[in-house]
Every structure is written in C-alpha cells, then in structure tokens.
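Below is one structure, written out as structure tokens, with a few remarks after it.
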Amino acid sequence: MAVILINPNSTEAMTDSALRAARLAAPALQFEGWTSHKGPASIEGAADGALAVAPLLDLVQKASDQGAQVIIIACFDDTGLAAAQGLATCPVIGIGQASFTLARLYSGATSVVTTVQAAVPVIEANIKAQGFADVITHVSAAHVPVLALETNPEHAAQEFSAAIEGLPKGTRNLILGCAGAVSIKSRVQQKTDCRVIDGVSAAAQLCKALVG
C-alpha cells in the first residue's frame, strides 16, 4: 500500500499542497493524502493541537489497519506523534521530527521560522523532547496565520523572509516550521543563503529509506 500522508487539520488545500511536495521529493513512492475533516481548520499552537489528536488517531488506526507502509503526520507541531507511533504497526513520521533529523546531518547552526507565536513553545518542547536541542538552537515566528500560506503565499513569503533577517549570526540551515510552507519554499530560498528545509519533503525523503 501507499505511504499515507495525514493532514491533522480539515483544510483540503493544505493536504493537496503537502501531497504535491511529497510526490516531488520522492517520485518513486506512492503517496495518498488524507484530510482529518473532524480536526480544526488550522493548528496554531497547543489548544488546536489538542483538538486535532483524537480524529487524527482514528485516521492513523485506519491507515495502519489498511496496510500503510509509512504514515506521515503533516503538521510541524508533530501533533499526536507519540500516540500515533504507539498505535500503528508501521513507521509514523512527524514532519517536524523529519526536518530536525535531516538538519542534524548538515553542518552548521539550524534555526526554525514558524507561522505564529503560539506555535513556538510547542516546537521548542518537541526539539528538546526529541533530542535535537544541540542542533536547533533558535525558533521564531513570522506572525503569519497558517491558512495565509495557502490563501496569500506571496505575502506569507515576504513575512517569512523578513523574519529570516533576525536569525542568529552563523545560521546555516533554515527549517520552515509549517506544512503549508511548501507553497513558499522557493520564494524564501531566493532571499537567503541558508539551506532551506521543509518538513514535508524531509519526511518524504525519509520514507525512501523506510520503504526500501
């Protein structure tokens, strides 16, 4: 069966964007995109994440029961990741976790720029809990609503690019901290000399190793 990419929020456009990015990053694999229609429209911090977990886990169980090779949780907050990994019989990858893993393989300091300030403490906690605090030392917000990445990507890219100007000196790798950031990655890359990593592509690349 395919790699199942699950979007924990209910916005179909974000599922579609993430699915295109995954297929581009790993064209030899078969991906399916599932949307959690009972989840919130977007996940902007811990409160939204808590609302998303139960319907997300229902989809994780369904994907596992149907024989998914790998499951990707397409939310940078790694919403419900530990519970999903305990539930599924196949590997489950969070796109935050995937981007941190990829960043560890590159030299130099790594920073994360995410969407809203409410997401910052969630991401910082994940970095610490997953053992990446020595790799990712700075997390900041571009103050852009998650859905603006789909509805107004040009403005979102401008705000992310402005946030990059405030990164610590010596930052070599930049992680875009939202699944929707696949829509602005190329614009942001044009504005910085940093290596730009998006979590969806990172997760898809890890799937290549897991599927074999």
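The values are calculated or read from the model by the stated rules, or taken from the named source; none is laboratory data. Owing to the predicted nature of the structure, the values given are computational and were not obtained by experimental measurement. A quick note on method: Cβ atoms are made from the backbone with ideal geometry, for glycine too, and the neighbour counts reach across all protein chains shown. Side chains are part of the model used for accessible areas, which takes the heavy atoms of the whole protein and leaves out ligands, DNA and RNA. Shrake-Rupley method; radii C 1.70, N 1.55, O 1.52, S 1.80 Å.
What the table shows:
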item: Segment Ala133-Ala83, extension gain: residue separation times 0.36 nm, minus the distance between their alpha carbons; result: 15.8 nm
item: Loop-resident sites, the range 78-165, for GluC sites (Glu not before Pro), counting at most 12 other Cβ within 10 Å (DSSP); result: Glu165
item: Label zone at Asp193, where the point sits 7 Å out along the Cα-to-Cβ direction: the range 134-164 residues whose backbone N lies under 19 Å; result: 161-164
item: Rounded, prolate or oblate (a/c below 1.5 giving rounded, otherwise prolate when a/b exceeds b/c) for the range 35-88 by Cα gyration tensor; result: prolate
item: Accessible area of the chain belonging to carbon and sulfur atoms, whole % at 1.4 Å probe; result: 52
item: Student exercise, the range 1-124 dipole from Lys, Arg, Asp, Glu Cβ charges, in Debye to nearest 20; result: 280
item: Nonlocal amide H pairs with Gly177, under 5 Å, H built at 1.01 Å; result: Val113, Thr114
item: Hits among lysines - C-alpha to C-alpha of Lys191 under 27 Å, sequence gap 8 or more where chains match; result: Lys169
item: The range 66-190: proportion of alpha-carbon pairs further apart than 24 angstrom, %; result: 27
item: Shape call, the range 53-128: gyration tensor on alpha carbons, a/c limit 1.5; result: oblate
item: Å³ per residue enclosed by the Cα convex hull of the chain; result: 101
item: Coil-residue chymotrypsin sites (Phe, Trp or Tyr not before Pro) of the range 86-136, DSSP, other Cβ within 10 Å capped at 14; result: Tyr106
item: HN-Hα J in Hz across the range 167-179 - Karplus 6.51, -1.76, 1.60, θ = phi - 60°, x for Gly and Pro; result: 5, x, 4, x, 4, 9, 10, 10, 9, 8, x, 6, 4
item: At least 24 Å along the helix axis (C-alpha) and Kyte average at least 0.5, DSSP helices within the chain; result: 46-65
item: Spin-label model distance (nm) - Arg20 vs Lys38, 7 Å beyond Cα toward Cβ; result: 3.0
item: Kirkwood Rh, angstrom, the range 93-160 [1 / mean 1/r, Cα pairs]; result: 12.7
item: Rounded, prolate or oblate (a/c below 1.5 giving rounded, otherwise prolate when a/b exceeds b/c) for the range 1-73 by Cα gyration tensor; result: oblate
item: Average projection area in nm² (convex hull over Cα atoms of the range 133-180, one quarter of hull surface); result: 3.6
item: Spherically averaged projected area of the range 149-212 from its Cα convex hull (nm²); result: 4.8
